[in-house]
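The values are calculated or read from the model by the stated rules, or taken from the named source; none is laboratory data. For clarity, every value in this text was computed on a predicted model and none was experimentally measured. Glycine gets a Cβ as well: all are built from the backbone with ideal geometry, and neighbour counts include every protein chain shown. Ligands, DNA and RNA are excluded from the accessible area calculation, which covers all protein heavy atoms including side chains. Shrake-Rupley method; radii C 1.70, N 1.55, O 1.52, S 1.80 Å.
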Amino acid sequence: MISFVRVDDRMIHGQTVTRWSLEYPCTGLIAVNDAAAKNPVLKGAYKSASDKKTFVWAVDEFIAKAPKVLASKDKYFLITKNPIDMKKILVDAGIVPSDVKTVIIGPCNDRPGATKLGNNQSITQEEADALEAITKKGYEVEFALLKETAIGNWKKFRGQFGYTD
C-alpha cells in the first residue's frame, strides 16, 4: 500500500525518511524518476540514504508494478522528483494510492522559468499544469517542506499560473 505521496526534487533524504515517517509510518520508499532509475550511481545513493526498503524505478516501471505495490501490506512512500511525473502516475495512469488524498510538494529548487512560491519551493508553468490536473482528479496539493512549515494549498497559488475558479 502507499501511505504517503510526495514530490521532492531531492527525492530521498533525511527529512523525507526521518521527519515525514514520524507523521506517516512506512516500511519502504519508492522513488520514481526515469533518470535516477537509469543511473547506477544515483540509484545506489538513494538506496543507501535510508535503512528502509528502497526502490528506484522509472515511471513506466512503477506503473507496471503499481498493482503489486497497492496490494502489499507494507506501507510505502511514493516520491517523484517533479509534479509532471506524479501527474503521469495519478492522472494519466489513474493509479489510486490507497487512502491517500493529499500530495505533499516538498523542495522544488529555484530555476529559470520557475515562479517562487516559498522558501525552496518554485514551480514552472508546466508543473503548475500538472498540479492543476492532479487537483482536478480529486487530490489536495499541499506545499510543505515539513508539516509544520506548510505554506499553503494549491488553491492559494493557482491564480499565479492563470487558473481561476
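Give the residue that is most open to solvent (accessible area, probe 1.4 Å), with candidates limited to residues of segment 67-91 that are under 24 Å from Asp110 (Cβ atoms) and assigned to a loop (DSSP other than H, G, I, E, B).
Among them, the one singled out is Lys81.
So, in segment 92-119, how many residues would count as being in a loop (DSSP other than H, G, I, E, B) and in contact with a helix residue (DSSP H, G or I) (Cβ under 6 Å, 6 or more places away or on another chain)?
Taking segment 92-119 and keeping what is in a loop (DSSP other than H, G, I, E, B), we get 93-101, 106-107, 109-114, 119.
Add one more test, that the residue is in contact with a helix residue (DSSP H, G or I) (Cβ under 6 Å, 6 or more places away or on another chain), and what stays is 93, 95.
Qualifying residue count, segment 92-119: 2.
Restricting attention to segment 120-156, and to residues there that are part of a loop (DSSP other than H, G, I, E, B) and among the hydrophobic types (A, V, I, L, M, F, W, C), which single residue is nearest to Met11 (Cα to Cα)? I'd like the intermediate steps shown before the answer.
First, the residues of segment 120-156 that are part of a loop (DSSP other than H, G, I, E, B): 120, 124, 137-139, 144-146, 150-151.
Imposing the further condition that a residue be among the hydrophobic types (A, V, I, L, M, F, W, C) reduces the set to 144-146, 150-151.
On the way: Ala144: 14, Leu145: 12, Leu146: 14, Ala150: 18, Ile151: 20 Å.
So, considering only residues that are part of a loop (DSSP other than H, G, I, E, B) and among the hydrophobic types (A, V, I, L, M, F, W, C), the one nearest to Met11 (Cα to Cα) is Leu145.
Please enumerate the residues belonging to segment 8-41 that are modelled with pLDDT of 90 or more, buried (at least 20 other Cβ atoms within 10 Å of the Cβ), touching a helix residue (DSSP H, G or I) at 6+ places or on another chain (Cβ under 8 Å) and not aliphatic (A, V, I, L, M).
Asp8, Asn33
Just one of Thr115, Thr102 is under 19 Å from Asp8 (Cα atoms), among the hydroxyl-bearing types (Ser, Thr, Tyr) and in contact with an Asp or Glu (Cβ under 6 Å, 6 or more places away or on another chain); which is it?
Of Thr115, Thr102, the one residue that is under 19 Å from Asp8 (Cα atoms), among the hydroxyl-bearing types (Ser, Thr, Tyr) and in contact with an Asp or Glu (Cβ under 6 Å, 6 or more places away or on another chain) is Thr102.
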